[in-house]
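Beneath this line is the structure, given in structure tokens, with notes to follow.
Please treat every number below as a calculation from the coordinates, not as lab data. Keep in mind that this is a model prediction, so the values were computed, not measured. Neighbour counts are summed over all protein chains in view; Cβ atoms, including those assigned to glycine, are modelled from backbone coordinates with ideal geometry.
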Amino acid sequence: MNPQRRTLFIALSLLAIGYLASLGYIIRQRRAATQGPRPAVVIRFAHWQLESGMREAFDLTARRYMALHPEVRVEQYAIPGRVYRQWLSTQIAAGTVPDLVCFNSTDQTDVNQLPRNFSSITRWMNEPNPYNAGTRLAGVPWRLTFLDGGRNRTTYLDQYRNYYAVGLASHSMRIFYNRDLLRAITGSDEPPHDFRAWLELGKKVRAYRPGLVHVAGAHENTIWVMPTLINQSLARWILTGDHEQRFAVSALDFFCDMLEGRWNLRTPPMQAALRIMQAFGGEMTPGFLQLDRDSAMRAFMRGEALSLPNGTWDYPTMRATAKFRIGALRLPLPTPDDPDYGGYALLPVSDGGIGTAMPFYLSRQSQHPEAAIDFLHYVTSVDGNRLFSQASHWMPSIIGVEIDPELQPFRQNNHGYVVTDVQNGPQLLNGLGADGTQLFESNLHILYSPDGGVEAYTRVLERDFRATVIRDLAKTLHIQRENLRQRDTALAALQFLGPAEQAESNRQQTSQHLNEIHLYLAEGKLAAAQP
Amino acid sequence: MNSGGRALFCLAAGLLAAPLSRASDATLRPATAEAWQTLSVGLYSDAFDQFTAAGPTREAQLGLAIAQLNRPPVTPASVDEAQHALTELAAGNDPTSHAARYFLGRLQQLHPMAPDPRAAAAEYERLVATGADDAWCRLALIKLAILRLTVLRAPGPLPAQLAAVEPLLARTADIATQHDLHLVISEARMNHEIYDAITLGHLQAALASTAATDTTRADLLIQVARVATLLGNPALAREHYQLFLRDYPQERRAFTVGEALAHLGGAFPP
């Protein structure tokens, strides 16, 4: 045998051994899984929550459920987030979708497709959850046992006027910090609560150890931290755009005001906003715009940064990995008398409204919809949700389920002002649409470069700001017009069905009329703004 | 049976099961109702097929034309085809013709290529002129009001332009339609920052005919209270803020409303 053939033979042999070993492993696993009496019903559920402890929490909940129902086997499919959509599409096409699927998308095309693949669960939502018998939620319709009445963007699809999912947990956004490091730096566990004091802490952090960073920054963090911080810091000024007197300013209101000449980038509150951005960014890892979420997380976990802006969904992972105690603070806002940053906030500020997370949908392909719903009933009962919350270290979604003392700092705080519209609030520094976001983000480096700053950033932005707002507004209104057209069809169709559907159509027509008049009023302002 | 045979059997059974299951579903409700149901969840192509299969009734023809308006790909030719079908159906004076005429108006107003609000208003006016009190004539009245409040305003100064829409209220006795008219008129007035007694009157009229479960009720309570405050009527403002806090204690704006109530005598925000 010549050397080339010998190499080929060895390679093929190794491949064959690997194949046989894999085959043997799979057969053994299958045998192990099917040992014991064969269950009459198998319920499969899929999600992408691979954070530390999540799979174990799901397993624990499923085991408790199976102990109550020996005839049912519950199987978990934990699929990495990066391939989840492709995986789900493949399962749908192949007709092998699990009975229950965790899904979340803000893409309207996805939302439009949901009823094609998932069943409405309204009829169950209006009935009590049987697992709440004997608790104070006994007899309460299932939907009303959720912190948000079972109704949020993902669980209740307004355009299909039906409930489609239930949320298993709730979340909040916080700045997590290393308590041990904070104590070492300041002598106290207590973090600062206003923006100026928080900036002062940054100075102490940098002085404490060369290379130590105040905030582990990443591009993804910036996307939510900056707009939220700015919106909260400018709420008093934003409220001046509430022409329709709702205490709920929309992005359309706000940017139409800009087109009408009521404000521009040189308006004092906007300049304060840019100063806040500059100061906040100065506390983050140098070059944070180029960094991703994982590297920020690693820097925080290695003690290279004092804090990390993040959602509570990552808390279990941080908790499992950290070799220090973790604390959490809300975004620090400027005090009213702060000469550089203050004067435009409305304090105290709200987190913005209670909502549940991790929505699970019932697949239309499910062979056992009643059993699948029964499992969801269990996970969202007082007992089941407590078990899941305690095991996962995610906050509960059910009324009356105690938040673990460890999770108390993350509890959503709604005792404060919020003046932006629930679905369509202005994101000042994201602009009205994609072009605005790109304008702000692609030039952000100017704000942070040594020879840049607020004035240089303003000069660059204002060249294209008005044209960008006009482009984004035109696109937004075009999409709204398309939505109106499609809703018209759906609402007309309901008129040809029974009295209940007709009543629902009439009810939804009211919001259709309001959307329509707002569209025309904004189009009028857009037309007036165009050269 | 070997595994290949089993797979083939399953495949065949699956292929047979799908039409059988559709057939058994179809026996549950009339074919046209099934098609409207499909259309109501935005499955335009499926609904189009179902209306086609339902036969050449006027209702099915109407459904076909409405589905055609959204069935991808939406092209000038497909829109023209729908328009032609709607025009033919609109020739009568029954609810189906009224629905067809309403959708002719909607097609003109929200046309994907060349919207023509003036032509849309003309269709709505024809419907309103029939004096019929069906769902389509009521909707036409509100759409006409929206156009006259925005792109087809009457001549004269802004208050006169907006006031010119008020007579439409007398064209219907239907409470829900009047409610929606009050609502769109008050929205237009407030968007133009006209916070006067007329605006307050429209807001109060809309609120009076709003059901407790309506999503607009929370907004209306705040709007009445805030406009009343601006007009120097703190008693009315207090009453509506208190109603809001009683009925929506968990609402995201509850804190703000509580603070507004606490500062009724002075500036707000404090």
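If Rh is defined by the Kirkwood formula over all Cα pairs and Rg also comes from Cα, what ratio Rg/Rh do you get for the protein assembly as shown? Working shown, then result.
Working: Rg = 29.6 Å, Rh = 29.8 Å.
That ratio equals 0.99.
What's the center-to-center distance, using Cα atoms, between the range A:452-488 and the range B:211-245 in Å?
Centre-to-centre (Cα) distance: 33 Å.
Looking at the range B:113-270, what % of the alpha carbon pairs are farther apart than 18 Å?
Numbers: 7774 of 12403 pairs.
Tail of P(r) above 18 Å: 63 percent of Cα pairs.
Under a GNM of chain B (C-alpha, springs under 10 Å), which listed residue has the highest mean-square fluctuation: B:Ala119, B:Ala197, B:Ala99?
Among B:Ala119, B:Ala197, B:Ala99, the largest GNM mean-square fluctuation belongs to B:Ala197.
Show the residues, 5+ positions off or on another chain, whose built amide H is closer than 5 Å to the amide H of A:Met395.
A:Ser170
Once the Cα atoms of helix B:197-208 and of chain B are each reduced to a long axis, what angle between those two axes, in degrees from 0 to 90 to the nearest 10, is obtained?
50 degrees
In whole Å, what are the Cα extents of the range A:73-215 along the three principal axes, biggest one first?
59, 42, 35
Per residue of the range A:59-71, what does 6.51 cos²θ - 1.76 cosθ + 1.60 with θ = phi - 60° give for ³J(HN,Hα)? Whole Hz please, x for Gly and Pro, Karplus curve as stated.
4, 4, 4, 5, 5, 4, 5, 5, 5, 6, 10, x, 7
Once the other residues with Cβ under 12 Å from the Cβ of A:Glu304 are scored (Lys, Arg +1; Asp, Glu -1), what is the net sum? Don't skip to the end; give the middle numbers.
Values: positive: A:Arg209, A:Arg298, A:Arg302; negative: none.
Net charge in that neighbourhood comes out at +3.
Counting Lys and Arg as +1 and Asp and Glu as -1, what is the net charge of the other residues whose Cβ lies under 13 Å from the Cβ of A:Gly384? Before the final figure, lay out the partial values.
Values: positive: A:Arg63, A:Arg64, A:Arg386; negative: A:Asp374, A:Asp383.
That works out to +1.
Under 29 Å Cα-Cα from A:Lys475, which lysines qualify once same-chain neighbours fewer than 8 residues away are excluded?
Straight-distance partners of A:Lys475: A:Lys525, B:Lys143.
Share of antiparallel DSSP beta bridges in chain A, in percent to the nearest 5?
Working: 25 of 40 bridges.
Around 60 percent of the beta bridges assigned by DSSP in chain A are antiparallel ones.
List the aspartates and glutamates whose Cα lies under 12 Å from the Cα of A:Lys203, skipping any in the same chain that are fewer than 8 positions away.
Hits, sequence-local ones excluded: A:Glu283.
Which cross-chain or sequence-distant (5 or more) residues have an amide H under 5 Å from the amide H of A:Thr420, H modelled 1.01 Å from N in plane?
When sequence neighbours closer than 5 places are left aside, the close amide H contacts are A:Val249.
Taking the Cα centre of each part, how many Å lie between the range A:237-254 and the range A:84-101?
42 Å
Determine ³J(HN,Hα), in whole Hz, for all residues of the range A:207-213 in sequence, where each value follows from phi through the Karplus function 6.51 cos²θ - 1.76 cosθ + 1.60 and θ = phi - 60°; x replaces Gly and Pro.
Here the 3J(HN,Hα) series is 6, 5, 7, x, x, 6, 9 Hz.
Give me the log10 of I(q) over I(0) for the range A:472-529 at q = 0.30 Å⁻¹, as the Debye formula computes it from C-alpha points; what are the numbers?
Debye intensities relative to I(0), on a log10 scale: -1.15.
Between helix B:175-191 and chain B, what is the angle of the helix's C-alpha long axis to the longest principal axis, kept within 0 to 90° and rounded to the nearest 10?
Taking Cα atoms only, the helix is inclined about 60 degrees.
Averaged over its residues, how many other protein chain Cβ atoms are within 10 Å of peptide A:514-522's Cβ atoms? All intermediate terms of the calculation are to be shown ahead of the outcome.
Details: counts 8, 0, 8, 12, 5, 3, 11, 8, 2.
The shielding value for this peptide is 6.
What's the average, rounded to a whole number, of partner chain beta-carbon atoms within 10 Å of each residue's beta-carbon in B:182-188?
Working: counts 0, 5, 7, 1, 2, 7, 5.
Across B:182-188, the average partner-chain Cβ count within 10 Å equals 4.
Quick one: which residues, 5+ away or cross-chain, put their amide H under 5 Å from the amide H of A:Val166? H built at 1.01 Å from N.
Placed amide hydrogens put A:Phe360 under 5 Å from A:Val166.
Give me the Kirkwood hydrodynamic radius of chain B, using the inverse of the mean 1/r over all pairs of distinct Cα atoms, in Å to one decimal. Before the final figure, lay out each step's value.
Numbers: mean 1/r = 0.0449 Å⁻¹.
Kirkwood radius, chain B: 22.3 Å.
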